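The values are calculated or read from the model by the stated rules, or taken from the named source; none is laboratory data. The structure presented is a predicted model; accordingly, all values stated were derived computationally and were not measured. Here the Cβ positions follow ideal geometry from the backbone for every residue, glycine too, while neighbour counts run over all protein chains shown.
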Amino acid sequence: MTRPRGRWLQLTVLVASLAGLIASIVWTADSSPSWRPGPWTMTRAVSREGQVHDLAGAGRAAARFGDRWDLHVGEVMRFSNGYYAQLLDSGGNGATAVLVDSLSGTVRLEFGPAMMWNTAYGMMPAGTRPGTEAIGPDQAVRIADRWLSEHRPGLHAAEPDRFPGYFTLHTLRDGRIVGMLSVNASTGQVWYHTWHGRFLQMQRHTGST
């Protein structure tokens, strides 16, 4: 009976050691002032602000979310499935985008490109070198229009907003916003934002609180 006990003891020590290592890594990520978004962003970058009733409320919730990275809110859009907000850096450049749930007020990184393509605030593993951004704004519009003509006839792309690693463009029908899509700045891959639902209204949010 001594051998099984010895094995269980070794296993217990191993599990405790691993738990301690994981705890120290999590503590370091939380406490370090130089911590930046990275591979854990999808599960960690979530906040809850309470029920959101309008664009101004969505802007305030997104602004509080962006404060952790010294980002401020740019464009805020309301869709039938919730709110979308751009987060900009101090120079007014696109940093990332978030979704705000109207019922719970939960704010999180947007699905799709903001998580998977964003080379500064997404899920790129530490030390990963992003591909060369060979695609410029004009080419992004052409790629988007070509994709729309094949998959969403009658829609056209508006001017692109640049984010790290990709562009996001409103989709238009007769000059009116319908939705949006993104174009990868390295590969030209198109990702249509199917999660928003029907577009309702939009504004530029100028406040940061």
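Ile143 meets all of the listed conditions (1) of a type in the set (Val, Ile, Thr); (2) touching a residue at least 40 places away in the same chain (Cβ under 8 Å); (3) assigned to a strand (DSSP E or B) but one, namely (3).
Does Asp30 count as at negative phi, acidic (Asp, Glu) and at pLDDT below 70? Judged against the criteria, Asp30 is a match.
Applying the condition of being over 21 Å from Leu169 (Cβ atoms) and in contact with a strand residue (DSSP E or B) (Cβ under 7 Å, 6 or more places away or on another chain) to region 40-57 and asking which residue is modelled with the highest pLDDT yields Val52. Considering region 176-190, the residues that are of a type in the set (Gly, Ala, Ser) and either over 21 Å from Ala85 (Cα atoms) or in contact with an Asp or Glu (Cβ under 6 Å, 6 or more places away or on another chain) (or both) include one that is surrounded by the most Cβ atoms within 10 Å (Cβ to Cβ), namely Ala185.
Where strands (runs of 3 or more DSSP E) sit wholly within region 49-129, those with at least 1 residues that are over 16 Å from the mean Cα position of the chain (by Cα) and outside the structural domain of Phe163 (by TED's automatic domain parsing) occupy 72-79.
When the residues of region 148-175 are filtered to those that are under 15 Å from Met116 (Cβ atoms) and touching a residue at least 40 places away in the same chain (Cβ under 8 Å), the one that is surrounded by the fewest Cβ atoms within 10 Å (Cβ to Cβ) is Pro164.
Comparison of Ala114, Ala120 shows that the only residue that is among the hydrophobic types (A, V, I, L, M, F, W, C) and crowded, with 20+ Cβ neighbours inside 10 Å is Ala114. Just so you know, in region 158-184 the residues that are in a loop (DSSP other than H, G, I, E, B) and more than 19 Å from Gly92 (Cα to Cα) include one that is nearest to the chain's Cα centre (by Cα), and it is Gly175. The set of residues from region 154-209 being hydroxyl-bearing (Ser, Thr, Tyr) and touching a Gly at 6+ places or on another chain (Cβ under 9 Å) comprises Thr168, Thr171, Ser182, Ser186, Thr187, Tyr192, Thr194, Thr206, Ser208.
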